[in-house]
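**Q** Next up is a structure, given as structure tokens.
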Amino acid sequence: MANDTEKPVNVILGDGNPLVLSAMAEIIERDPRFALIATSSTAEGFLGTVMRLPVEIGVIDWNLPVLGGARLIDVLREQDLPTRIIVYGDDSGDLPRLAMSAGAAGFAPRSGEIGGLLSICIDVAKGKMVFPFVDVRGLQQHPIQSLSRKERQILEALATGLSNKELSRELDISPNTVKFHLSNVYEKLAVRNRAQAIAYFYSSRAAGLPAADRH
């Protein structure tokens, strides 16, 4: 039972199916552990809400129109928004692994009990990563694929020998944001410094892994 003194977890729901969205909203609203901030049938509407309001947890369908789950998560990370995403979907096939690779904080199967989804929301709100159906060994083979598009851009620019100040100008972000992204890159690639990150970049290119999209 939730502690009555605990602040409810703010939640936003995103699903293109109005029946699923309505059912999920009703369940969340009935549970005193949560405060339902908004629902959205599109990724764009979802983003519009979380950019205006502080929302801790987002529960989304992987195929949320129009951007889709992977791109939605990427945009959240690029904007340094605090909302942590749980993908709610079919646990067959490769979806749990894809969700983890994209940067989701959790995965909940539609085939499971609704109480399982609620428990995952609580765990993710506490900072945990919840992927009960994923064999993480496959993910660990190519850590560069866990980088967001912005982090890949940082790494690619870093490999050209740019300083932090030059990276800031090149990517039109603040020096503090450069440091934040570099710290994430080092952690995800399990490297300690710029030289090791650059070496990893060139080794990944040699292995045929994709470079960052540059827009």
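**Q** Listing Leu171, Leu189, Leu64 from the residue with the fewest other Cβ atoms within 10 Å to the one with the most, what is the order?
**A** Details: Leu171 17, Leu189 20, Leu64 24.
Fewest-to-most ranking of Leu171, Leu189, Leu64: Leu171, Leu189, Leu64.
**Q** State, to one decimal in nm², a quarter of the convex hull surface area for the C-alpha atoms of the range 143-205, i.e. the direction-averaged projected area. Before the final figure, lay out the partial values.
**A** Values: hull surface 14.5 nm².
Its Cα hull, projected and averaged over all orientations, spans 3.6 nm².
**Q** On a full-extension model of 0.36 nm per residue, what is the gain between Glu6 and Ala190, subtracting their alpha-carbon distance, rounded to one decimal in nm? Don't skip to the end; give the middle numbers.
**A** On the way: separation 184, 0.36 × 184 = 66.24 nm, distance 3.57 nm.
My answer for the length gained is 62.7 nm.
**Q** Okay, moving on. Sequence gap at least 6, Cα distance under 8 Å: using those rules, report the relative contact order of the chain to the nearest whole percent. Write out the running numbers ahead of the final one.
**A** Working: 308 pairs, mean separation 29.0, N = 215.
Result for the chain is 13 percent.
**Q** Here is a further query. For the chain, what is the number of Lys pairs with C-alpha distance below 21 angstrom, counting only pairs 8 or more positions apart or on separate chains?
**A** For the chain, qualifying lysine pairs total 9.
**Q** So what is the relative contact order for the range 143-205, in percent, with contacts set as C-alpha pairs under 8 Å and at least six apart?
**A** Details: 48 pairs, mean separation 25.9, N = 63.
Taking the mean separation of contacting Cα pairs over the length of the range 143-205, I get 41 percent.
**Q** Then there is this: Rounded, prolate or oblate, given the Cα gyration tensor of the range 1-53, with a/c below 1.5 counting as rounded?
**A** It comes out oblate by the Cα gyration axes.
**Q** Which Rg and Dmax, in Å, describe the Cα atoms of the range 9-138?
**A** Considering the range 9-138 through its Cα atoms, Rg and Dmax are 13.1, 38 Å.
**Q** Now a separate question. Over the range 7-110, what is the mean sequence separation of C-alpha contacts under 8 Å (at least six apart), divided by residue count, expressed as relative contact order in percent?
**A** Details: 190 pairs, mean separation 25.6, N = 104.
Here the relative contact order equals 25 percent.
Read-outs: derived from the displayed coordinates by stated rules, not from any lab. Computed from a predicted model, the values in this text were never measured in an experiment. Cβ sites come from the backbone with ideal geometry, for glycine too, and all protein chains shown count toward neighbours.
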